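The values are calculated or read from the model by the stated rules, or taken from the named source; none is laboratory data. Because the structure is predicted, anything quoted here is derived from the model rather than measured. Ideal geometry is used to build each Cβ from the backbone, glycine not excepted, and the neighbour counts take in all protein chains shown. Just the protein is used for accessible areas: all its heavy atoms, side chains included, with ligands, DNA and RNA removed. Shrake-Rupley method; radii C 1.70, N 1.55, O 1.52, S 1.80 Å.
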Amino acid sequence: LLSNIAAGTPSQIDCLMDRQKIVGIVSVMASTADWDTRKEALWTVSNIFTQAEPEHVRTLVEEFNGLEPMVAVLLAPSDSRMVAVALDAVKAALQVGITHDLSVATYLDELGGIDAIEKLQNHSSQDIYEKA
């Protein structure tokens, strides 16, 4: 349900982001929950990165460590679909970072995300290779 809201209209994403406790819990669940729950939380975080306003991306990166679960998926790429979702989210976050002078690339590098993306350039999946 939350992933659908995060993929919704700007006003729906605003409502979700205004509930910071929920966003914080989702971000934690994207890293720590069982795999099925993690995937749903990862979709939610990814949808925020790819659909939200720059301020929401900043909040997700700086206040809720939203890049951390994405990088975790990139570091242990066992599910190709979720790796693709994580790569799309990271790309969207980086684009917002460049356009709005946010430190997204720095956070990504500190988490090992740059190295993980470089390693994925040798992935057996053509889609993952191209996204990386």
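Across all Cα atoms of the chain, the radius of gyration (one decimal) and Dmax (whole number) stand at 13.6, 40 Å. Kirkwood's formula applied to the C-alpha pairs of region 38-83 gives a hydrodynamic radius of 10.9 angstrom. Here the 3J(HN,Hα) profile of region 32-40, calculated from phi with Karplus coefficients 6.51, -1.76 and 1.60 at θ = phi - 60°, is 10, 6, 4, 4, 5, 5, 4, 4, 5 Hz, Gly and Pro shown as x.
Evaluated at q = 0.14, 0.28 Å⁻¹, the base-10 log of the normalised Debye intensity for region 1-63, with identical point scatterers placed on the Cα atoms, takes the values -0.32, -1.27.
Note: relative contact order over the chain, using C-alpha pairs below 8 Å and six or more positions apart, is 21 percent. Annotation: peptides 67-75, 55-63, 93-101, 30-38, ranked by per-residue average of other Cβ atoms within 10 Å with the highest first, follow the order 67-75, 55-63, 93-101, 30-38.
I need the Debye-formula profile for region 58-132: one equal scatterer per C-alpha, no solvent, reported as log10 I(q)/I(0) at q = 0.21 1/Å, two decimals. Taking Cα atoms of region 58-132 as identical point scatterers yields -0.84.
The modelled label-to-label distance for the pair D14/T106, using points 7 Å beyond Cα in the direction of Cβ, is 3.0 nm.
Between D88 and T37, the simple label model (points 7 Å from Cα in the Cβ direction) yields a spacing of 2.5 nm. Computed over region 79-120, the convex hull of the alpha-carbon atoms projects to a mean area of 2.8 nm². Exposure check, 1.4 Å probe, all protein chains in place: K39 carries approximately 60 Å² of accessible surface.
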